[in-house]
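The block underneath contains the structure these notes are about, expressed in structure tokens.
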Amino acid sequence: SAVISQKPSRDICQRGTSLTIQCQVDSQVTMMFWYRQQPGQSLTLIATANQGSEATYESGFVIDKFPISRPNLTFSTLTVSNMSPEDSSIYLCSAQQGYEQYFGPGTRLTVT
Amino acid sequence: KNEVEQSPQNLTAQEGEFITINCSYSVGISALHWLQQHPGGGIVSLFMLSSGKKKHGRLIATINIQEKHSSLHITASHPRDSAVYICAAPWGATNKLIFGTGTLLAVQP
């Protein structure tokens with residue numbers, strides 16, 4: 001199994017600023033994903049974080065708004081850039097080993 | 001139409017009741033996940049199953065691949081079971097998850 005930690009667990013940010021969320025896995029994993037969950041909604045995949053190359057973004061998400069890094073097989077960051085109140089969500093990191101999926105505790109972001 | 005659908009969307013039960021949450025999917029999958037999300041937002045993976053039935057404590061998950069249907073059962077429900085339960089299907093070459101809309105369960109003492 002894999003244990004995932006995220007930092008920060010929550011933050012309140014001002015419009016126009018950026019926040020970087022860190023995701024640490026306690027073992028090497030092949031795939032890492034970033035999800036967003038807007039209030040009252042289900043999870044939506046933002047991108048797949050690829051080790052050693054650019055992330056693969058889903059439709060509606062772009063690198064300029066959500067830059068992602070994955071420097072190794074256990075760590076990834078997601079930056080929410082130039083934030084607006086619409087970015088207020090829970091952001092979740094996920095890791096995959098085989099068919100098993102593991103989730104981080106989430107980062108609850110409020111943009112004022 | 002969502003490719004993964006859950007029912008009911010909301011469920012209120014009395015402590016001790018037997019609970020069933022259903023998940024139907026239209027995509028071709030080899031496995032299905034049941035997840036639990038508590039109010040704080042963190043998600044816990046309850047089951048990943050590709051056939052038959054799995055049991056963990058008071059939780060039981062079943063899947064019928066041919067009928068594209070899965071159920072999550074909770075026996076002797078307790079208020080601490082109150083959470084959102086989500087089914088999710090890995091799909092495509094990267095096995096990215098397609099999520100159901102979730103079932104909000106409230107178990108009252």
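Computed from the coordinates by the stated procedures, all read-outs in this text should not be read as laboratory data. What you see is a predicted model; the values in this text were computed from it and never measured. Neighbour counts are summed over all protein chains in view; Cβ atoms, including those assigned to glycine, are modelled from backbone coordinates with ideal geometry.
Worth a mention:
- Of everything listed in (1) over 18 Å from B:GLY42 (Cβ atoms); (2) more than 12 Å from every other protein chain (Cβ to nearest Cβ); (3) of a type in the set (S, T, N, Q); (4) touching a Ser or Thr at 6+ places or on another chain (Cβ under 8 Å), the single unmet condition for A:THR17 is (4).
- Within the range B:35-49, the set of residues being more than 10 Å from chain A (Cβ to nearest Cβ) and either over 12 Å from the mean Cα position of the chain (by Cα) or over 23 Å from A:PHE33 (Cβ atoms) (or both) comprises B:PRO39 only.
- Taking the criterion of being under 30 Å from B:PRO109 (Cβ atoms), within 14 Å of another protein chain (Cβ to nearest Cβ) and loosely packed, with under 15 Cβ neighbours inside 10 Å, the only residue of the range B:50-98 that qualifies is B:HIS56.
- Looking only at the range B:10-34, residues that are within 14 Å of another protein chain (Cβ to nearest Cβ) and assigned to a loop (DSSP other than H, G, I, E, B) come to 3 in all.
- Of all residues in the range A:62-112, those that are within 13 Å of chain B (Cβ to nearest Cβ), surrounded by fewer than 22 Cβ atoms within 10 Å (Cβ to Cβ) and assigned to a loop (DSSP other than H, G, I, E, B) total 4.
- Residues that are within 13 Å of chain A (Cβ to nearest Cβ), of a type outside the set (Val, Ile, Thr) and crowded, with 17+ Cβ neighbours inside 10 Å, drawn from the range B:99-109: B:PHE99, B:GLY100, B:GLY102
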